[in-house]
1. Per residue, how many Å² of accessible area does the chain show with a 1.4 Å probe?
2. Compare E97, E140, E118 in a GNM of the chain, Cα atoms joined below 10 Å, and give the one with the largest fluctuation.
3. Among the lysines, which fall within straight-line cross-link reach of K64, defined as a Cα-Cα distance under 22 Å, with same-chain neighbours fewer than 8 residues apart omitted?
4. Determine the principal axes of the Cα atoms in the chain, then give the extent along each, sorted from largest to smallest and rounded to whole angstroms.
5. Using a ≥ b ≥ c from the Cα gyration tensor of segment 65-106 (square roots of the eigenvalues), is it rounded, prolate or oblate, where a/c under 1.5 gives rounded and otherwise the larger of a/b and b/c decides, a/b for prolate?
6. Mind checking the full-extension length gain between S89 and Q46? Use 0.36 nm per residue of separation minus the Cα-Cα distance, one decimal, nm.
7. Straight-line reach from K94: which lysines have a Cα under 21 Å away, not including same-chain ones fewer than 8 places off?
8. Which far-off residues, 5 or more places away or on another chain, put their amide H under 5 Å from the one on L54, with H placed in the peptide plane?
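The values are calculated or read from the model by the stated rules, or taken from the named source; none is laboratory data. A quick note: this is a predicted structure, and the numbers were derived from the prediction, not measured. Ligands, DNA and RNA are stripped out before the accessible areas are found, and what is left, the full protein with its side chains, is counted by its heavy atoms. Shrake-Rupley method; radii C 1.70, N 1.55, O 1.52, S 1.80 Å.
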Amino acid sequence: FPGKFIELLEFCIQSSREESERFVAHLVSRGGLSHFNVVETNQFKQLCHLSLQLRPGNDGAIKKYLAARLQEFKVANSRLKLSLQDSQSTLGDKRAELERTSAELRELKEASGRIASELRAQHAAALNEQKEKFFDSQTELQQRSERERRELEASYEHKAR
(Lines give C-alpha, C1' and ligand atoms only; values in the text may rest on other atoms or scores of the structure.)
Protein backbone atom coordinates (compact mmCIF):
# COMPACT_ATOMS: atom_id res chain seq x y z
CA PHE A 1 0.00 0.00 0.00
CA PRO A 2 2.65 2.63 0.84
CA GLY A 3 4.42 2.09 -2.47
CA LYS A 4 1.23 2.40 -4.51
CA PHE A 5 0.15 5.46 -2.49
CA ILE A 6 3.45 7.18 -3.33
CA GLU A 7 3.10 6.13 -6.96
CA LEU A 8 -0.37 7.75 -7.13
CA LEU A 9 0.99 10.95 -5.57
CA GLU A 10 3.84 11.00 -8.11
CA PHE A 11 1.25 10.64 -10.91
CA CYS A 12 -0.56 13.66 -9.44
CA ILE A 13 2.68 15.68 -9.39
CA GLN A 14 3.52 14.73 -12.99
CA SER A 15 -0.03 15.45 -14.10
CA SER A 16 0.00 18.92 -12.52
CA ARG A 17 2.75 19.92 -14.98
CA GLU A 18 0.58 19.02 -17.97
CA GLU A 19 -2.23 21.06 -19.54
CA SER A 20 -4.96 18.58 -18.77
CA GLU A 21 -4.51 17.11 -15.34
CA ARG A 22 -5.12 13.40 -15.58
CA PHE A 23 -4.52 12.60 -11.88
CA VAL A 24 -5.74 14.97 -9.18
CA ALA A 25 -5.42 14.80 -5.39
CA HIS A 26 -8.28 16.38 -3.40
CA LEU A 27 -8.42 17.12 0.31
CA VAL A 28 -11.88 18.10 1.47
CA SER A 29 -12.45 19.09 5.07
CA ARG A 30 -15.94 19.44 6.62
CA GLY A 31 -16.32 19.89 10.30
CA GLY A 32 -14.16 17.40 12.14
CA LEU A 33 -13.87 14.96 9.22
CA SER A 34 -11.66 15.20 6.16
CA HIS A 35 -11.56 13.20 2.95
CA PHE A 36 -8.46 12.66 0.81
CA ASN A 37 -9.13 11.42 -2.72
CA VAL A 38 -6.89 10.62 -5.69
CA VAL A 39 -8.97 10.81 -8.86
CA GLU A 40 -8.05 9.87 -12.43
CA THR A 41 -9.90 11.85 -15.05
CA ASN A 42 -10.32 10.88 -18.68
CA GLN A 43 -12.75 12.02 -21.35
CA PHE A 44 -15.44 9.56 -20.26
CA LYS A 45 -15.40 9.49 -16.48
CA GLN A 46 -13.66 10.25 -13.21
CA LEU A 47 -12.23 7.19 -11.50
CA CYS A 48 -11.43 7.43 -7.79
CA HIS A 49 -8.30 5.36 -7.13
CA LEU A 50 -8.02 6.16 -3.43
CA SER A 51 -10.39 7.60 -0.89
CA LEU A 52 -9.26 8.04 2.70
CA GLN A 53 -11.43 9.31 5.50
CA LEU A 54 -9.35 11.25 8.01
CA ARG A 55 -10.39 12.21 11.49
CA PRO A 56 -8.53 14.09 14.16
CA GLY A 57 -6.79 11.89 16.69
CA ASN A 58 -7.01 12.46 20.39
CA ASP A 59 -3.87 12.97 22.43
CA GLY A 60 -3.95 9.49 23.99
CA ALA A 61 -4.42 7.67 20.68
CA ILE A 62 -1.63 9.62 19.01
CA LYS A 63 0.75 8.97 21.90
CA LYS A 64 -0.18 5.29 21.93
CA TYR A 65 0.42 5.02 18.17
CA LEU A 66 3.72 6.89 18.36
CA ALA A 67 4.84 4.83 21.36
CA ALA A 68 4.11 1.60 19.45
CA ARG A 69 6.05 2.86 16.42
CA LEU A 70 8.94 3.96 18.67
CA GLN A 71 9.02 0.51 20.28
CA GLU A 72 9.09 -1.15 16.84
CA PHE A 73 12.01 1.04 15.80
CA LYS A 74 13.86 0.32 19.04
CA VAL A 75 13.46 -3.43 18.55
CA ALA A 76 14.57 -3.15 14.92
CA ASN A 77 17.50 -0.96 16.00
CA SER A 78 18.65 -3.44 18.66
CA ARG A 79 18.38 -6.30 16.13
CA LEU A 80 20.47 -4.32 13.67
CA LYS A 81 23.03 -3.49 16.38
CA LEU A 82 23.37 -7.19 17.26
CA SER A 83 23.68 -8.07 13.60
CA LEU A 84 26.32 -5.38 13.17
CA GLN A 85 28.26 -6.65 16.19
CA ASP A 86 28.11 -10.20 14.85
CA SER A 87 29.26 -9.01 11.44
CA GLN A 88 32.10 -6.99 12.96
CA SER A 89 33.14 -9.94 15.11
CA THR A 90 33.08 -12.25 12.10
CA LEU A 91 35.03 -9.68 10.10
CA GLY A 92 37.64 -9.45 12.85
CA ASP A 93 37.94 -13.23 12.98
CA LYS A 94 38.28 -13.44 9.20
CA ARG A 95 40.93 -10.70 9.19
CA ALA A 96 42.89 -12.49 11.91
CA GLU A 97 42.60 -15.75 9.98
CA LEU A 98 43.76 -13.97 6.83
CA GLU A 99 46.77 -12.55 8.68
CA ARG A 100 47.66 -15.98 10.07
CA THR A 101 47.29 -17.59 6.67
CA SER A 102 49.31 -14.84 5.00
CA ALA A 103 52.08 -15.20 7.59
CA GLU A 104 52.07 -18.97 7.12
CA LEU A 105 52.24 -18.52 3.35
CA ARG A 106 55.19 -16.12 3.70
CA GLU A 107 56.99 -18.62 5.96
CA LEU A 108 56.33 -21.45 3.51
CA LYS A 109 57.60 -19.37 0.60
CA GLU A 110 60.75 -18.47 2.54
CA ALA A 111 61.30 -22.10 3.56
CA SER A 112 60.71 -23.21 -0.02
CA GLY A 113 63.22 -20.63 -1.25
CA ARG A 114 65.79 -21.76 1.33
CA ILE A 115 65.31 -25.41 0.46
CA ALA A 116 65.59 -24.66 -3.25
CA SER A 117 68.80 -22.69 -2.64
CA GLU A 118 70.23 -25.50 -0.51
CA LEU A 119 69.34 -28.07 -3.15
CA ARG A 120 70.92 -25.96 -5.88
CA ALA A 121 74.06 -25.60 -3.76
CA GLN A 122 74.14 -29.37 -3.05
CA HIS A 123 73.63 -30.19 -6.71
CA ALA A 124 76.33 -27.72 -7.74
CA ALA A 125 78.74 -29.22 -5.18
CA ALA A 126 77.93 -32.76 -6.33
CA LEU A 127 78.39 -31.73 -9.94
CA ASN A 128 81.75 -30.11 -9.17
CA GLU A 129 82.81 -33.24 -7.27
CA GLN A 130 81.85 -35.43 -10.20
CA LYS A 131 83.71 -33.12 -12.59
CA GLU A 132 86.83 -33.29 -10.41
CA LYS A 133 86.61 -37.08 -10.25
CA PHE A 134 86.21 -37.19 -14.01
CA PHE A 135 89.16 -34.87 -14.61
CA ASP A 136 91.28 -36.80 -12.09
CA SER A 137 90.35 -40.06 -13.77
CA GLN A 138 91.04 -38.60 -17.20
CA THR A 139 94.42 -37.25 -16.06
CA GLU A 140 95.31 -40.60 -14.52
CA LEU A 141 94.32 -42.42 -17.73
CA GLN A 142 96.38 -39.99 -19.82
CA GLN A 143 99.38 -40.42 -17.56
CA ARG A 144 99.07 -44.21 -17.61
CA SER A 145 98.63 -44.29 -21.37
CA GLU A 146 101.64 -41.95 -21.76
CA ARG A 147 103.73 -44.16 -19.45
CA GLU A 148 102.63 -47.31 -21.30
CA ARG A 149 103.46 -45.65 -24.60
CA ARG A 150 106.92 -44.70 -23.38
CA GLU A 151 107.47 -48.19 -22.04
CA LEU A 152 106.39 -49.68 -25.35
CA GLU A 153 108.63 -47.29 -27.28
CA ALA A 154 111.55 -48.09 -24.99
CA SER A 155 110.85 -51.77 -25.33
CA TYR A 156 110.59 -51.46 -29.10
CA GLU A 157 113.83 -49.51 -29.29
CA HIS A 158 115.55 -52.01 -27.10
CA LYS A 159 114.35 -54.88 -29.29
CA ALA A 160 115.18 -53.00 -32.44
CA ARG A 161 118.85 -52.65 -31.40
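1. Values: 14470 Å² over 161 residues.
Value returned for the chain: 90 Å² of accessible area per residue.
2. The residue that fluctuates most here is E140.
3. Cross-link targets: K74.
4. 158, 46, 18
5. Prolate is the answer for segment 65-106, as a/c is 1.5 or above and a/b outweighs b/c.
6. Values: separation 43, 0.36 × 43 = 15.48 nm, distance 5.83 nm.
Roughly 9.6 nm would be gained on extension.
7. K81
8. S34, H35, F36
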